[in-house]
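The values are calculated or read from the model by the stated rules, or taken from the named source; none is laboratory data. Being a predicted model, the structure only gives us computed values, none of them experimental. All Cβ positions, glycine included, derive from the backbone under ideal geometry; neighbour counts span all protein chains shown.
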Amino acid sequence: MPLLICVAPGCDDLALPGCPHCERHDAAKRDKLAARRKAAQSTDHARAWRSLYQSRAWRAASRRFLRRNPLCADCGDLGAVVPAKVVDHIEPHKGDRRLFWLRSNWQALCIPCHNRKTAREVFHGQTGGGG
């Protein structure tokens, strides 16, 4: 792999292998992302939603749902057979308990598909749909 210069403006250090940034700028990028994630999880809304997900009723309902829907819906749409690990709300409930418990708003997803969908919703404001 050829050696490349860091893409950060004004930086002439070598980039890490397979990365566009040098060690210093890559660490700064990771720190910035971690801060964004922490900020997203520290809002009043996020704390309220977390209590819904930590309830005994949700844990039992999601386990039952995954037993009945064992494969990732998004991967299945692509013809792949991947075990689902997470019950996702197709339309984000945003604390609406009715929407939270509406089973027709649930889908089974693998962790990578769920993480991708959640990142789009949280960081890019896109809602609904699979992925």
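The residue that is nearest to residue 115 (Cα to Cα), among those in the range 33-89 that are modelled with pLDDT under 95 and among the basic types (Lys, Arg), is 37. In the range 37-48, the residues that are assigned by TED's automatic domain parsing to the domain that holds residue 94 never reach a residue that is modelled with pLDDT under 75 with C-beta atoms less than 6 angstrom apart, at least six apart or across chains. Residues satisfying the criterion are present in the range 93-104 (criterion: part of a loop (DSSP other than H, G, I, E, B) and modelled with pLDDT of 95 or more).
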